[in-house]
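What follows is a single structure, written as structure tokens, with notes after it.
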């Protein structure tokens, strides 16, 4: 694979991870402002509950995208740890293919939810803002997860040296 396409993929991966981090900040800011307004000014942000709920959904799907490529989520790999190097690679490829299938199906179902909220003209409670754009941003995160898992699968099969660390081994007591 050309170095240029590797750099392009790495930039795309980093951009997706940064977007996920930005959504964490937006969710935290929404909660912080809502609490401060309620506690000190006896008021609230209109539709704060709806925004919080939809932003949390966005955060979850972009978080899936951020953790899917790096494998930074919590895992318990008893079989993988006991396996030899070749079997470890087989397990990694199989697990990644299963994850790719599951997230691709989830993405298709989430698109149906986006379409449904658009067609049904679902609005927020206080300000009557359409909710489908929030669902669409969450769906875009899921699409990014599928793309990142596909890149990870490709790299696992053909260029495993391009993955930073497939399974960082850490002990619980460290």
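The values are calculated or read from the model by the stated rules, or taken from the named source; none is laboratory data. Bear in mind that the values here come from a model prediction, so they are computed numbers and not experimental data. Counting neighbours? That spans all protein chains shown, and the Cβs are built from the backbone with ideal geometry, glycine included.
Here are the numbers:
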item	result
Those helices (runs of 4 or more DSSP H) lying entirely in the stretch 61-174 with at least 3 residues modelled with pLDDT under 85 and exposed (fewer than 13 other Cβ atoms within 10 Å of the Cβ)	78-82
Qualifying positions in the stretch 27-49 - surrounded by 13 or more Cβ atoms within 10 Å (Cβ to Cβ) and closer than 27 Å to residue 67 by Cα	27, 30, 31, 49
